[in-house]
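Notes to accompany the following structure.
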Amino acid sequence: MKIPQADLKAQYATIKNEVMQAISGVIENTQFVRGPASKAFEESFARYCETEFAVGVANGTDALMLALRAVGIGAGDEVITSPFTFTATGEAIHWVGAKPVFVDIDPENYTIDVSKIEEKITDRTRAIIPVHLYGHPADMDAILQIARKHDLKVIEDAAQAHGALYKGRKAGCFGHAGCFSFYPGKNLGAYGDAGGVVTNDAKVIENIRKLGDHGSSKKYENDMLGFNSRLDGIQGAVLNVKMKYIAQWTKRRREIAQYYNEALKDAAAIETPKESSWAEAVYHLYVIQVDNRDEIKQKLNEAGIGAAIHYPRPLHLQACYDFLGQGKGSFPVSERAGERVLSLPNYPEMTEGMLVEVVGKVKEVVG
Ligand SMILES: *Cc1c(COP(=O)(O)O)cnc(C)c1O
């Protein structure tokens, strides 16, 4: 049996009629950019995140970039984040003109180590971007407390954390802005690129809406230099359909994680993921740690199991961040994670038989 890391076709099969109808509605009314379907999704997503506002943008990277700009981050500023993330977090900081300043991760949950943030704060620091990696929320109370003390903005990278809970409240609702990706493979995925920002700050949402539409809130009146970063009507329509299912899909991801945790707990060579006391994670990825990770991944792949690596190399060791001058040894927890993490298949449509198969193969290969 072949079991992929994720299976978008299996999900499509469960919502095909609804989604095709929603897409054809957009084509019929020709409101392809923003428009009623996008607006309906924004309202629904804000309700879901328990924030006052949401705005759709072109993708998750833009969500971060526009949110940074909207709160006034730019040239000469420093923004603190974790190096153990997808490269987009660092890119967004760089392309608003700021400098990414990395802080190592907490080995328990792969999110920024709050005890190491303050030592990196300088008189140029303006913001912190916690990344809720794999769908596990960072320690937001501690981060917000540091931010208040040093007058910093907090922009959450919630691209992998739709619906994740921190002390019972949704990821993305804590900072000045919460940024989401709706890339097809994310827990809430469009049928193309899409992203969004949630916030309780009316000014931030107005800024992002305007920045994403050529600096204009009234046609052909441009009071700032902006970008083109808007949510497509078709993507809005697809996402709207999926909003009906996100809670049940999340529940299933958590069940699968629990199944794996239980089934693998006696395998001494496998470190299963933990949830910090404050967290209810949404397992965008189910990530274990093992020695000889590359060899184990290869053997699992050969056995038909879609094991994958997120992410093999922390940002500070990527060639594009050489200019920061931080070599090997700078962030040991991230570097160790990069060598040991392995993501097992986790998607809501997995059957019991598939789970049994994955666990059997993992145990066989790890020994
Ligand atoms: C996916 C992702 C992004 C970027 O989102 P895109 O929609 O692909 O631009 C940013 N940060 C993290 C942690 C991500 O996983």
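The values are calculated or read from the model by the stated rules, or taken from the named source; none is laboratory data. Computed from a prediction, not measured in an experiment: that's the story for all the values here. Ideal geometry is used to build each Cβ from the backbone, glycine not excepted, and the neighbour counts take in all protein chains shown. Heads up: the accessible areas ignore ligands, DNA and RNA and are worked out on the full protein's heavy atoms, side chains in. Shrake-Rupley method; radii C 1.70, N 1.55, O 1.52, S 1.80 Å.
Along the chain, the longest continuous region that contains none of the trypsin sites (Lys or Arg not before Pro) in a DSSP loop with at most 10 other C-beta atoms within 10 Å is 3-218. Relative contact order, whole percent, for the stretch 220-334 stands at 14, derived from Cα pairs under 8 Å and 6 or more residues apart. Normalised by the number of residues in the chain, the average gap of Cα pairs under 8 Å and 6 or more apart makes the relative contact order 23 percent. Do the sum for the chain: with -39,500 (n - 2.57) for every DSSP H run of n ≥ 4, divided by all residues, what is the mean residue ellipticity at 222 nm, to the nearest 500 deg cm²/dmol? Value at 222 nm, helices only: -12000 deg cm²/dmol. The antiparallel fraction among DSSP beta bridges confined to the chain stands at about 60%.
Taking a straight line from the alpha carbon of Lys251, these aspartates and glutamates sit under 14 Å away, with near neighbours fewer than eight places off in the same chain left out: Glu280, Glu349.
Shape verdict for the stretch 92-229, please, from the Cα gyration tensor: rounded (a/c under 1.5), prolate (a/b greater than b/c) or oblate. Oblate, because a/c is 1.5 or more while a/b does not exceed b/c.
Think of the chain as having a plus end and a minus end, set by charges on the Cβ of Lys, Arg, Asp and Glu; of Ser82, Tyr134, Thr51, Thr51 sits farthest toward the positive end of this dipole.
By its C-alpha gyration tensor, with a ≥ b ≥ c as the square roots of the eigenvalues, how is the chain shaped: rounded for a/c under 1.5, else prolate for a/b larger than b/c, else oblate?
Note, shape of the chain comes out oblate.
For the pair the stretch 134-183 / the stretch 250-323, the C-alpha centres are spaced 22 Å from each other.
Among complete DSSP H helices in the chain, those whose alpha-carbon atoms stretch at least 24 Å along the helix's long axis and whose mean Kyte-Doolittle hydropathy reaches 0.0 are 8-29. For the stretch 8-242, the solvent-accessible area with a 1.4 angstrom probe is 40 square angstrom per residue. Local charge for Asp294 was computed over the other residues whose Cβ lies under 12 Å away, with Lys and Arg +1 and Asp and Glu -1, and equals +1.
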